[in-house]
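A short write-up of the structure that comes next.
None of the figures in this text is laboratory data; all of them are computed from the coordinates on show. As the structure is a computational prediction, the values presented were derived from the model and not from experiment.
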Amino acid sequence: MKYLLLAFFIATSCSSFAQKKNRPLSRADSVNAAADLAVKAFTWDIQKEDKGTLMFLDVPYQQEHSDSIEYLSLTVAKDKSKPRPDFISIILPNNVVHENGIFVKFSKTVKKNGQWDMQMEKGDPVRIPFEDCNDKDCTARIINGYAAHDNREKEDIFQKFLDFDHVLFLFVYPDGSHKSLSVPLFSFKEQYRKLQ
């Protein structure tokens, strides 16, 4: 269903783009329209305060066999006086397995055999426990940008936001099904660096 929704958005964007230009839509125009749509969808909102800045991104997704749209919300809080964020929070609807938390992994975009591909980082994903679940949502918080694996090995999640091209989130539903989301980090990198 998510692919159908994405195809609809791309087709709508391309159709309106072609109508504005009054000419047939070329492959290059289609690619540019899709790229513009991705840039708009993954551009973080920024709220500046006296002490620092909050960055927000809402990522829409659909649970399999569902027509309703849900959101994974990311928030990054940065104090002006510090180079690292105070926290990165991940907020999901509370219809997930609370005890599992959310799993986080990163990837880079690489060219393999002339095709673009996502190359996953080595090692296991980091499980971020939910610190709070209420009747509406669950929140996982990464303090100072660091998280710990189950074996207590420290992981610099914030640095990976800057070094990798995508962050992937995986969460599990009570019926055993799961959802994974890939969020491009190009906009985060660009906007965070401007806050320095």
* If you bin the C-alpha pair distances of the range 29-163 every 5 Å from 0, what whole percents do you get? -> 2, 8, 14, 18, 20, 18, 12, 6, 2, 0
* **Nonlocal amide H pairs with VAL97, under 5 Å, H built at 1.01 Å** => VAL172, TYR173
* **Under 5 Å, built H, 5+ apart or other chain: amide partners of ASP132** => THR139
